[in-house]
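Novice: For reference, the structure I am asking about is given below.
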Amino acid sequence: MKLASIHYYPVKSAAGHDVHEAEVQPWGLAGDRRYLVADERGAVLTARDEPRLLACLPLLDGDTLTLTGPHAEPLRIARASEMPAASAMSTVDVWGTPVELTDCGDDAARWLSELAGRPVRLKWLDDPRRRPVDPAYGTPADRVSLADAYPLLLTSNASLAQLNDWIAEGAVERGEEVPAPLPMRRFRPNVVIDDVGTPFAEDEWKQVRIGEVTFRVTKGCDRCVLTTVDTATYTKGKEPIRTLSVHRKWDGKVWFGINLIPDGPGRIAVGDPVVIL
């Protein structure tokens with residue numbers, strides 16, 4: 001098996017980037033999900049509720065973030081050293097964990113509010129050591145940035161191919177037109193694996209080494225309605241949740257991909273060997 005692709009997402013629920021190599025840090029890939037969008041109540045806003053966030057393409061250059069989108073000129077966000085002082089920090093509930101985040105200022109708020117069509121603010125996690133992983137699946141020392149729950153998400157091309165076959169079969173059975181295959185970006189993985197002999201073989205993995213980095217597998221990834229958003233039109237459909245509910249449903253949830261925690265830092269690159277330990 002080998003590493004087929006690497007992806008990171010500077011702003012939670014915004015568009016991501018494909019890269020040839022990446023630095024693995026204890027809390028995730030370097031630059032991955034260190035920013036999020038909060039609504040006027042101070043709660044996390046994601047593309048589950050506001051799909052237009054996916055039209056934002058954040059460009060990260062060192063510690064400078066530039067937001068690009070279809071509605072306004074690009075906006076450069078201050079370097080980390082220029083961010084507001086601690087007085088501009090606030091607590092945001094990130095899926096059950098209160099996390100202190102730094103506000104990125106009024107210019108970023110206006111830019112994103114215009115895109116989202118509602119008042120929002122951009123928040124920054126200055127210290128990724130601040131948010132622990134769920135202790136039921138990690139150690140007290142494990143940390144995660146602003147990803148949903150764990151530092152990295154792994155998927156396989158074999159599993160996606162099987163899912164797309166199931167979707168096509170279901171369409172035929174219902175007398176519907178067979179849709180175009182779903183792209184992997186619907187699932188927002190960090191690492192995608194090639195040459196996995198059996199679809200969903202990753203369900204059984206406990207530990208995996210990618211290149212020079214070893215990862216623990218915490219649990220499978222239960223999927224939400226974000227996977228139903230077409231990343232080209234920002235509209236919601238029924239797939240893949242409808243088909244996953246037929247073939248991949250247990251414990252009241254549907255599943256695709258596995259969550260990883262790195263055992264140490266290192267670098268990974270497309271083409272790296274992938275070994276199950």
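Novice: Being in a helix (DSSP H, G or I) and among the charged types (D, E, K, R) is the filter here, so list the residues in region 197-228 that pass it.
Specialist: Glu202, Asp203, Glu204 - these are the residues of region 197-228 that are in a helix (DSSP H, G or I) and among the charged types (D, E, K, R).
Novice: Is it the case that region 19-32 has a residue that's touching a Phe, Trp or Tyr at 6+ places or on another chain (Cβ under 6 Å) and assigned to a loop (DSSP other than H, G, I, E, B)?
Specialist: Within region 19-32, one or more residues are touching a Phe, Trp or Tyr at 6+ places or on another chain (Cβ under 6 Å) and assigned to a loop (DSSP other than H, G, I, E, B).
Novice: Can you spot a residue in region 54-75 that is within 13 Å of the chain's Cα centre (by Cα) and at pLDDT 95 or above?
Specialist: The answer is yes; a qualifying residue exists.
Novice: Quick check on Gly252: is it in contact with a Cys (Cβ under 7 Å, 6 or more places away or on another chain) and in the same structural domain as Gly170 (by TED's automatic domain parsing)?
Specialist: No: the conditions fail for Gly252.
Novice: When you check Gly96 against the structure, is it under 19 Å from the mean Cα position of the chain (by Cα), at positive phi and not polar (S, T, N, Q), yes or no? So that I can check it myself, show each step before the final result.
Specialist: On the way: under 19 Å from the mean Cα position of the chain (by Cα): yes; at positive phi: yes; not polar (S, T, N, Q): yes.
Considered against the rule, which asks whether it is under 19 Å from the mean Cα position of the chain (by Cα), at positive phi and not polar (S, T, N, Q), Gly96 comes out as yes.
Novice: Hey, another quick one. Which of the residues spanning region 131-163 are surrounded by fewer than 16 Cβ atoms within 10 Å (Cβ to Cβ) and either under 16 Å from the mean Cα position of the chain (by Cα) or in a helix (DSSP H, G or I) (or both)?
Specialist: Ala161, the sole residue that qualifies.
Novice: A further question on this structure: Going by the structure shown, is Ala72 without any contact (Cβ under 8 Å) to a residue 60 or more places away in the chain, surrounded by fewer than 21 Cβ atoms within 10 Å (Cβ to Cβ) and over 25 Å from Asp230 (Cα atoms)? Step through it out loud before you land on a result.
Specialist: Details: without any contact (Cβ under 8 Å) to a residue 60 or more places away in the chain: yes; surrounded by fewer than 21 Cβ atoms within 10 Å (Cβ to Cβ): yes; over 25 Å from Asp230 (Cα atoms): no.
Spelling it out, it is not the case that Ala72 is without any contact (Cβ under 8 Å) to a residue 60 or more places away in the chain, surrounded by fewer than 21 Cβ atoms within 10 Å (Cβ to Cβ) and over 25 Å from Asp230 (Cα atoms).
Novice: If I go through region 15-35 residue by residue, how many of them are surrounded by 24 or more Cβ atoms within 10 Å (Cβ to Cβ) and more than 21 Å from Ile193 (Cβ to Cβ)?
Specialist: 3
Novice: Same structure, new question: Pull up region 252-264, narrow it to residues that are in contact (Cβ under 8 Å) with a residue 12 or more places away in the chain and surrounded by fewer than 20 Cβ atoms within 10 Å (Cβ to Cβ), then point me to the one that is farthest from Tyr150 (Cα to Cα).
Specialist: Lys253
Novice: A further question on this structure: Select, from Val178, Val229, Val213, Val192, the only residue that is within 20 Å of Gly266 (Cα to Cα), in contact with a helix residue (DSSP H, G or I) (Cβ under 7 Å, 6 or more places away or on another chain) and not small (Gly, Ala, Ser).
Specialist: Val192
Novice: Considering each residue of region 169-196, count those that are in contact with a His (Cβ under 9 Å, 6 or more places away or on another chain) and either among the acidic types (Asp, Glu) or in a loop (DSSP other than H, G, I, E, B) (or both), and give that number. Spell out the reasoning first.
Specialist: Let us first name the residues in region 169-196 that are in contact with a His (Cβ under 9 Å, 6 or more places away or on another chain), namely 184-185, 188-192.
Keeping just the survivors that are either among the acidic types (Asp, Glu) or in a loop (DSSP other than H, G, I, E, B) (or both) gives 188-190.
Matching residues across region 169-196 total 3.
Novice: All but one of (1) farther than 20 Å from Gln162 by Cα; (2) outside any loop (DSSP other than H, G, I, E, B) hold for Thr231; which doesn't?
Specialist: All conditions are met except number (2).
The values are calculated or read from the model by the stated rules, or taken from the named source; none is laboratory data. As the structure is a prediction and not an experimental result, all values here were calculated from the model. No Cβ is skipped: glycine too gets one built from the backbone with ideal geometry, and neighbour counts run over all protein chains shown.
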